[in-house]
Amino acid sequence: MKKIKILSLSDHPFSPSGVGTQTRYVLEAAIKTGLFEIRSLGGAIKHDNYSAITTDEYGDDWVVQPVDGYGNQSIIRSEISNYRPDILWFMTDPRFYSWLWDIENEIRPNVPMIYYHVWDNIPYPNFNKLYYDSNDVIATISKVTDDVVRNVSPDADVRHMPHSIDTNIFKKYDDKEVAHFKENSVKKEDMNKMIFFWNNRNARRKQSGSLIFWFKDFLDVVGHDKAMLIMHTDPKDPNGQDLTAIIEELKLIDGQIIFSTDKYPQEVLARIYNMVDCTINISDAEGFGLSTLESLACETPIIVNMTGGLQEQVTNGKKWFGIGLEPTSKAIIGSQEVPYIYEDRLSKEVVVDALLKMYNMTKEERDKLGRDGRAHVIKNYNFELFEKSWVDLLLQVYENYGSWKTRKNYKPWKLQEV
């Protein structure tokens with residue numbers, strides 16, 4: 001039986017980024033059915049070499065070709081001509097794909113385009129309308145993104161496909177196992193400290209430097225021997241601040257701040273979430289925020305900025321699964337590619353107050369938040385449903401939109417009254 005060919009374009013699907021992880025989840029769901037074969041253009045990281053990659057599990061049914069950035073028009077033209085895919089699937093925010101939409105008139109006569117869309121905030125980006133209208137289907141990662149697309153392009157074929165994580169890996173582990181893991185992960189003198197966890201890329205919008213400064217203010221209140229912050233990140237990331245310099249300047253060198261720089265498999269990360277007491281994300285813009293979803297799945301409560309996809313994780317509108325912080329300020333920022341968007345900033349006072357509130361909760365109160373949080377994840381971000389929904393969508397696009405000789409429902413023109 002002829003397999004349906006998918007050409008994907010995104011972060012490298014085996015990279016640890018949120019986009020890379022979700023890409024892998026989507027494509028693995030497709031390929032496990034036996035109905036698809038995939039060629040992925042893996043970008044957004046520095047490659048040691050550009051040889052095509054296959055895995056023992058999937059063999060030639062899934063080939064990953066490393067590319068710089070997210071590729072270019074010449075690469076896409078070559079792939080469309082030589083690979084002849086049935087579907088072009090691509091993901092991340094629109095800034096990186098204007099060059100791709102510039103040639104949609106060459107692609108879409110033969111191949112439908114599915115765009116898995118990342119957007120962080122309002123006001124409605126009407127400047128994206130031309131991009132939205134240049135796809136066959138737009139899948140949206142969050143309630144914010146879904147609302148944005150439906151308002152900017154009301155005629156678009158939009159499907160709400162929220163992010164998910166594997167809750168068979170990210171789950172509550174046995175207390176004895178977690179205690180043993182903790183004994184081998186932190187110093188003896190740190191065993192009784194309350195542990196906060198921050199798992200993000202060290203980038204400007206993640207507010208990593210602010211968190212360190214404000215965590216010191218929190219420690220000044222409760223005592224520097226009472227709590228610690230583990231930051232799973234690269235403290236020297238060129239896209240972020242020099243976090244090592246900051247902790248040295250603040251004299252947080254006695255175990256108050258610990259950097260975790262190794263790239264761990266998901267099973268180890270899950271045990272870290274189990275070991276800690278709370279996970280934090282105070283980004284000023286966040287499309288979704290996978291680390292806090294992973295934390296909730298492990299029954300560990302969260303402290304988050306009420307921005308982007310974070311706000312739908314911390315509450316279902318009735319219950320809370322941690323502490324959600326309303327932005328102290330909402331500034332309109334922008335660039336040549338994105339003329340306007342809100343940037344949601346928090347103040348020192350609200351963050352320190354949240355840290356104190358979480359610190360002063362009883363273990364039973366935190367456990368209750370965590371249990372309710374996992375139930376929220378299972379109900380609203382169910383991994384099995386995520387996989388099934390994506391397979392169903394890919395099959396629907398193949399049937400309803402066709403490709404090459406069976407291409408349907410695509411018009412390279414529109415009637416407009418003048």
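The values are calculated or read from the model by the stated rules, or taken from the named source; none is laboratory data. Not measured: the values here are computed from a predicted model. FYI the Cβ positions are ideal-geometry reconstructions off the backbone, even for glycines, and counts take in every protein chain you see.
Quick one: ILE253 ticks every box in (1) modelled with pLDDT of 95 or more; (2) over 21 Å from the mean Cα position of the chain (by Cα) bar one, so which box is it?
(1)
Test VAL391 against the stated conditions and say whether it is crowded, with 20+ Cβ neighbours inside 10 Å, outside the structural domain of GLU312 (by TED's automatic domain parsing), in contact (Cβ under 8 Å) with a residue 24 or more places away in the chain and assigned to a helix (DSSP H, G or I).
No: the conditions fail for VAL391.
Of all residues in the range 1-41 being charged (D, E, K, R) and outside any loop (DSSP other than H, G, I, E, B), which is surrounded by the fewest Cβ atoms within 10 Å (Cβ to Cβ)?
GLU28
To keep it simple, each residue is scored yes or no on (1) aliphatic (A, V, I, L, M); (2) over 30 Å from THR140 (Cα atoms).
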| position | (1), (2) |
| --- | --- |
| ASP237 | no, no |
| ALA245 | yes, yes |
| ASN274 | no, no |
| ILE282 | yes, no |
| LEU290 | yes, no |
| SER295 | no, no |
| CYS298 | no, no |
| ASN316 | no, no |
| LYS319 | no, no |
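List the pairs whose first member sits in the range 87-109 and is farther than 26 Å from VAL391 by Cα, whose second member is modelled with pLDDT under 95, and whose Cβ atoms are under 6 Å apart, counting only residues at least 6 apart or on separate chains?
Pairs found: ARG95/GLU337.
Can you name the condition, by its number, that GLU286 falls short on among (1) farther than 23 Å from VAL352 by Cβ; (2) crowded, with 24+ Cβ neighbours inside 10 Å; (3) of a type in the set (Asp, Glu)?
Unmet for GLU286, out of (1) farther than 23 Å from VAL352 by Cβ; (2) crowded, with 24+ Cβ neighbours inside 10 Å; (3) of a type in the set (Asp, Glu): (1).
Quick one: in the range 344-383, of everything that is touching a helix residue (DSSP H, G or I) at 6+ places or on another chain (Cβ under 6 Å) and of a type in the set (Val, Ile, Thr), which residue is nearest to ASN305 (Cα to Cα)?
In this case the residue turns out to be VAL351.
Just to be sure I understand, how many residues within the range 244-268 are touching a strand residue (DSSP E or B) at 6+ places or on another chain (Cβ under 7 Å) and more than 14 Å from SER185 (Cβ to Cβ)?
3
Out of (1) in contact with a helix residue (DSSP H, G or I) (Cβ under 9 Å, 6 or more places away or on another chain); (2) surrounded by 14 or more Cβ atoms within 10 Å (Cβ to Cβ), the odd one out for PRO339 is which?
(2)
Looking at the range 145-169, which of its residues are touching a residue at least 40 places away in the same chain (Cβ under 8 Å), surrounded by 15 or more Cβ atoms within 10 Å (Cβ to Cβ) and under 19 Å from SER389 (Cβ atoms)?
Those that are touching a residue at least 40 places away in the same chain (Cβ under 8 Å), surrounded by 15 or more Cβ atoms within 10 Å (Cβ to Cβ) and under 19 Å from SER389 (Cβ atoms): THR145, ARG159, MET161, PRO162, HIS163, SER164, ILE165, ASP166, THR167.
For the range 192-238, give me the residue count where each residue is in contact with a Lys or Arg (Cβ under 7 Å, 6 or more places away or on another chain) and within 22 Å of LEU296 (Cα to Cα).
Result for the range 192-238: 6.
Name the strands (runs of 3 or more DSSP E) wholly inside the range 42-123 in which the number of residues that are surrounded by 15 or more Cβ atoms within 10 Å (Cβ to Cβ) is 3 or more.
Those strands (runs of 3 or more DSSP E) span 59-66, 87-92, 113-117.
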